[in-house]
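One structure is given below, encoded as structure tokens.
The values are calculated or read from the model by the stated rules, or taken from the named source; none is laboratory data. Fair warning: this is a prediction, and the values are worked out from it, not measured in the lab. When we count neighbours, we look across all protein chains shown, and the Cβ atoms used for this are built from the backbone with ideal geometry, even at glycine.
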Amino acid sequence: MRKPLAALVSLGLLAWACGCQKQVRLVENPPPPYFGPRTVATLTPPPSPVYRPAPAPAPAPAPSAGRASWGEAAWIPGGAERAWQFIVVHHSATPTGSADQFDRMHKAKGWDELGYHFVIGNGTLSGNGEVEVGSRWVKQKHGAHTKVAGHPEYNDLGIGICLVGNFDITRPSEAQMDSLARVVRCVMNRYGISRSHIYGHGQLKPTDCPGRNFSYNDLFRRL
């Protein structure tokens, strides 16, 4: 048994000596090593962002001559207050109206702005009984509603309140009279204005304002 094994070993050594062994050759100038993934996946690029211009800002509303309010909190000025002494009641002598409309009308006459401090609507261009606070009141600025020769105090220290309507033809609505009484009570209490200093426009100069159908008794009954 030993002779065949020795023969096989001898044959193997002979074959190696004759050059049958594996030849190992070095590669000249090998490429640099690659450390990335062996399989390159095809990626779908993310969608390009779509440019959408920012929407244009809404136009600023035109300055309002009146700030509508149903509550007394809006009737209290925010800054220094004028030493008011009088209250003068007017009607607009027009069937419709609002603080903005009267502001335009007064400016057309050459006035600087709405002449009244408060406007009380009749349900046409503002609510029935709705109180619009005029820009003069916000600024605590003198009125431009009762020009009486020799008596500037009725504008300088007089609070002008205008009810929308022509009270030579109709009467103020219940809602208007209720709001008028509320505004009058508010400013009377705040500035110590007595009842004897509450006037209709026509009691200070020759005019029908606040109209033949306006009831002073009704106003004073509500105070």
Picking from A149, A175, which residue would you name as being part of a helix (DSSP H, G or I) and either in contact with a Gly (Cβ under 7 Å, 6 or more places away or on another chain) or not aromatic (F, W, Y) (or both)?
A175
Considering only the range 114-137, how many residues are in a loop (DSSP other than H, G, I, E, B), buried (at least 17 other Cβ atoms within 10 Å of the Cβ) and either at positive phi or small (G, A, S) (or both)?
3
Yes or no: N155 closer than 13 Å to H90 by Cβ, of a type outside the set (K, R) and more than 30 Å from the chain's Cα centre (by Cα)?
yes
Tell me which residues, restricted to the range 178-203, are closer than 20 Å to F102 by Cα and under 30 Å from the mean Cα position of the chain (by Cα).
S179, L180, V183
Qualifying positions in the range 101-141 - among the acidic types (D, E) and in contact with a Ser or Thr (Cβ under 7 Å, 6 or more places away or on another chain):
E113, E132
Of all residues in the range 83-110, which are in a loop (DSSP other than H, G, I, E, B), surrounded by fewer than 18 Cβ atoms within 10 Å (Cβ to Cβ) and not charged (D, E, K, R)?
A83, Q85, T94, P95, T96, G110
Restricting to the range 65-82, name every residue that is surrounded by fewer than 16 Cβ atoms within 10 Å (Cβ to Cβ), among the hydrophobic types (A, V, I, L, M, F, W, C) and modelled with pLDDT of 90 or more.
I76, A80
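Yes/no per residue for (1) in contact with a Lys or Arg (Cβ under 6 Å, 6 or more places away or on another chain); (2) modelled with pLDDT of 95 or more; (3) crowded, with 18+ Cβ neighbours inside 10 Å; (4) under 19 Å from R136 (Cβ atoms):
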{"site": "D156", "(1), (2), (3), (4)": "no, yes, no, yes"}
{"site": "I161", "(1), (2), (3), (4)": "no, yes, yes, yes"}
{"site": "C186", "(1), (2), (3), (4)": "no, yes, no, yes"}
{"site": "S196", "(1), (2), (3), (4)": "no, yes, no, no"}
{"site": "G211", "(1), (2), (3), (4)": "no, yes, yes, no"}
{"site": "Y216", "(1), (2), (3), (4)": "no, yes, no, no"}
Restricting attention to the range 100-113, does a residue exist that is of a type outside the set (S, T, Y), in contact with a Gly (Cβ under 9 Å, 6 or more places away or on another chain) and under 21 Å from R182 (Cα atoms)?
no
